[in-house]
Ligand SMILES: Cc1cc2nc3c(=O)[nH]c(=O)nc-3n(C[C@H](O)[C@H](O)[C@H](O)COP(=O)(O)OP(=O)(O)OC[C@H]3O[C@@H](n4cnc5c(N)ncnc54)[C@H](O)[C@@H]3O)c2cc1C
């Protein structure tokens, strides 16, 4: 990868303590939302400073790392952020330039029409909805947009596709933001080839080439408010970034915490935490699968989406599969010896449950999330559908993350699972799509930011990440988060009397 922009990356250790740095805009966070907002503003001629808490790493750094090393390099708190409530949900997130896009699976989908309708009708995001198709097309041009090719589909995906067809479910090959993917199979550990177009290898380099400055290892401490409007950001060692426009894009857990002390008036700050709670099933086959070869997340079910259930292919390295397989000692060892014969499906639900982010005295925010009955039932149904598909594809056994149903020996066990009344604490859960904690809406009663992304009551302060999305796009969110950020940038530029640069990003040098 061409790193000709590295002279625009500064470690604040190199900035004298107490110094003030001025620009037209400061963007906090360099993930899906922050990167895109910074890029659009800089490209249109504003000067932008991007503050990112994590380091700048690329495939050169993490491509050869062991899974546990890569998790330590790229994940916040080693991947161990979690909720409290009637069951703990693990919420992995990226802590690096590019944010969670560096560790995500690269699935790139437009929001479903019913989700966009809701943004328009319920939250008054008319302008955003009107431009959405164009915005998606612009983003797909910038970060690539390709269905998974057959030669990198991998056997895990083929087993899923065959099983779904046999069991009568309609599925589709997923589209991904990649250029030159060879199916290395470790998206969630950072792409070793920089083929996945995560923000650290796509949009951030473009923003820096356009003139933006990136400050790594630079956690924003506080947004400064003067005379009722945003004026700057306080960083470590007394360094101050001053600008009339501040965009908070620290992700749906940290953005509400940063906004809390700014005088934001809108209701719902830190509330409405949604996350698409997820789990998985493992199928053990007689034949060799070699699930680590090919794209782990290449196929999904389409017809379950209307029931609020998403099923997608995934795969896990031995160090992450081992701890969640049942048994220990010789029986566990016997299962692990068959690692090459496992296929894995992941599923999640598009939920009603809403959690809340609370500040805490430690660096671990408190994430409250009490899973409601309809979501528990949907999770059980999703597990049963996934297991049914694996059995239809020929699995000898299926292992679930549901207490009491750890091992299913035949399709006959599915009836028992479907009829069971499972409690939240019986589920092993994680979640990957955190959102909604500072949502955009047309009144301060409904949202924290107005439909342009400006925080109600604090001129000059904007939200441009997953927090701003008022309801779920139903599918994987990164492309929609980027679309929200493009929309926020468009509004800021229009207020400043500058149009967004309408040239397609692919016309820029890479
Ligand atoms: C394992 C995994 C797989 C996923 N797979 C997919 C997928 O295939 N498709 C999809 O659409 N979505 C996927 N997602 C979700 C998607 O990646 C996220 O929804 C998206 O990246 C969120 O964007 P964001 O800008 O809100 O936050 P992030 O991308 O998390 O960026 C926030 C950034 O802010 C930084 N930050 C936080 N606090 C501060 C501070 N005080 N100062 C400075 N910087 C700060 C963080 O370090 C981080 O870099 C996945 C998520 C995970 C965890």
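The values are calculated or read from the model by the stated rules, or taken from the named source; none is laboratory data. Worth saying up front: this structure is predicted, and the values here are computed from it rather than measured. Cβ atoms come from the backbone with ideal geometry, glycine included; neighbour counts cover every protein chain shown.
Of all residues assigned to the range 178-198, at least one qualifies as being in contact with a strand residue (DSSP E or B) (Cβ under 9 Å, 6 or more places away or on another chain), within 25 Å of residue 23 (Cβ to Cβ) and in the same structural domain as residue 136 (by TED's automatic domain parsing). Among residues of the range 41-57 that are over 14 Å from residue 24 (Cα atoms), those with a Cβ under 8 angstrom from a residue that is more than 10 Å from the ligand (Cβ to nearest atom) and assigned to a loop (DSSP other than H, G, I, E, B), sequence gap 6+ or separate chain, pair up as 57/190.
For residue 313, the conditions (1) more than 15 Å from the ligand (Cβ to nearest atom); (2) more than 30 Å from residue 25 (Cβ to Cβ); (3) within 22 Å of the chain's Cα centre (by Cα) all hold with the exception of (1).
Just wondering, is there one or more residues in the range 61-71 that are within 26 Å of residue 483 (Cβ to Cβ) and crowded, with 17+ Cβ neighbours inside 10 Å? Scanning the range 61-71, I find no residue that is within 26 Å of residue 483 (Cβ to Cβ) and crowded, with 17+ Cβ neighbours inside 10 Å, so the answer is no. When 89, 97, 36, 102 are checked against the criterion of being within 23 Å of residue 462 (Cβ to Cβ), touching a strand residue (DSSP E or B) at 6+ places or on another chain (Cβ under 8 Å) and crowded, with 20+ Cβ neighbours inside 10 Å, a single residue qualifies: 97. For the range 163-177, give me the residue count where each residue is in a helix (DSSP H, G or I) and either assigned by TED's automatic domain parsing to the domain that holds residue 137 or touching a helix residue (DSSP H, G or I) at 6+ places or on another chain (Cβ under 8 Å) (or both). Adding up the residues that qualify gives 4. Residue 317 falls short on exactly one of the conditions (1) at pLDDT below 95; (2) farther than 20 Å from residue 187 by Cα; (3) touching a helix residue (DSSP H, G or I) at 6+ places or on another chain (Cβ under 9 Å), and that condition is (2).
Scanning the range 302-325 for residues that are more than 30 Å from residue 439 (Cβ to Cβ) and in a loop (DSSP other than H, G, I, E, B) yields 315, 316, 317, 325. The selection criterion, being away from the ligand (no atom under 12 Å from the Cβ), in contact with a helix residue (DSSP H, G or I) (Cβ under 7 Å, 6 or more places away or on another chain) and modelled with pLDDT under 95, does not hold for residue 80. The residues of the range 130-187 that are free of Cβ contacts under 8 Å to residues at least 24 places away in the same chain and within 30 Å of residue 451 (Cβ to Cβ), listed by number, are 130, 133, 134, 137. None of 264, 243, 250, 278 is within 14 Å of the ligand (Cβ to nearest atom), touching a strand residue (DSSP E or B) at 6+ places or on another chain (Cβ under 8 Å) and closer than 30 Å to residue 22 by Cα except 250. Scanning the range 204-239 for residues that are exposed (fewer than 15 other Cβ atoms within 10 Å of the Cβ), within 15 Å of the ligand (Cβ to nearest atom) and at positive phi gives a single hit, 237. Checking the stated criteria, residue 94 turns out not to satisfy the condition of being without any contact (Cβ under 8 Å) to a residue 24 or more places away in the chain and within 13 Å of the ligand (Cβ to nearest atom).
Scanning the range 394-409 for residues that are over 14 Å from residue 278 (Cα atoms) and buried (at least 22 other Cβ atoms within 10 Å of the Cβ), we see that the one that is nearest to the chain's Cα centre (by Cα) is 399.
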